[in-house]
Amino acid sequence: MPKALATSQDSQPIELWLSDGYGRGYRFKRYAWGFYYNRIPRGFRVIGMTHWLAKTGLASSAPAVAFFYGSVGAATAAVTAAAIFLANSVVTVLDRLSQEKSSGTGQAQTELMVRLGDLLTGMKGGRAVGQADRDDAIRACLGILENYARLVTRSKKGDISVSLVLFAGNSTTRMKVRHRNPGNERPTNREFDATHLMGFHACKRGTEPRVVHDLKKFGGKSMVSPTQTTVNYRSIFMIPVVTRRGEADEKIRGFISIDSPRPYAFYGNRSSVLVVTCEPVLSRINELI
């Protein structure tokens, strides 16, 4: 749950983010970054790219050696080297994609079933009884969201963090991180001034879920969390938590934060898939609080 910038000058990018008032140039750049972080295998970024070029270049160096010793002509050596380079590149890319697609999927599915079991255990007679049961059921729900988000974003265990942040009592400016997904070691139940939280601004704007694609784009205080000095996440998906007493009576109690250390982890339709698929879990959380 990152802080936004407090000054009037710094509030401009927040307002731009809330209204999604970006121009075509920025949208195209956002698409390019989304493609880079989600379509290009991680092993092909920066250092990984250098390693790949060295490995692939070595694999296609045989024709150059043959040309050096006069076994083949320059044209033949060049064409052969290019063909080997291209073939090796395609195989490597496919291998990387296969590894990323399959890595952690089975484990995430297993843990998802465990969290479903935790949720059912915490429900007696179809509903949670007592504060302890409600807390256990909420954490189980957050665990379900974490595991499904790992599947949707193709993330490893520990990359996705899910938190429930609620307003403290009747306050409209102070909040608490009430619960986190099971296994999450970040602190909870620390009350803090929420007026600088991006999640706070999202709640004040309405009930629409919102995505921060890259926290670093906001800079400065946006990289400071209310519960820790620095943050290790780059993208955040925030879903307001709403209590409804009637069709015309609703109250925003806080928000659910799903964050990832990878920028643009929720780009495209991933956030929509999370909301639609996990709607029963989100509704259950609303009931439990």
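The values are calculated or read from the model by the stated rules, or taken from the named source; none is laboratory data. No experiment lies behind these values; they were computed from the predicted model shown. Because the Cβ atoms are built from the backbone with ideal geometry, glycine has one as well, and the counts that use them run over all protein chains shown. Accessible surface is based on the protein model in full, side chains and every heavy atom, while ligands, DNA and RNA are left aside. Shrake-Rupley method; radii C 1.70, N 1.55, O 1.52, S 1.80 Å.
Here are a few things to note about the model shown:
- Residue tally, condition under 22 Å from SER155 (Cβ atoms) and open to solvent by less than 70 Å² (accessible area, probe 1.4 Å), over segment 266-289: 13
- Breaking point among (1) out of contact with any His (no Cβ under 8 Å at 6 or more places or on another chain); (2) open to solvent by 20 Å² or more (accessible area, probe 1.4 Å), for LEU197: (2)
- Number of positions in segment 23-38 that are surrounded by 13 or more Cβ atoms within 10 Å (Cβ to Cβ), under 15 Å from VAL211 (Cβ atoms) and of a type outside the set (A, V, I, L, M, F, W, C): 5
- Odd one out for ARG178, checked against (1) open to solvent by 20 Å² or more (accessible area, probe 1.4 Å); (2) touching a Lys or Arg at 6+ places or on another chain (Cβ under 8 Å); (3) part of a strand (DSSP E or B): (2)
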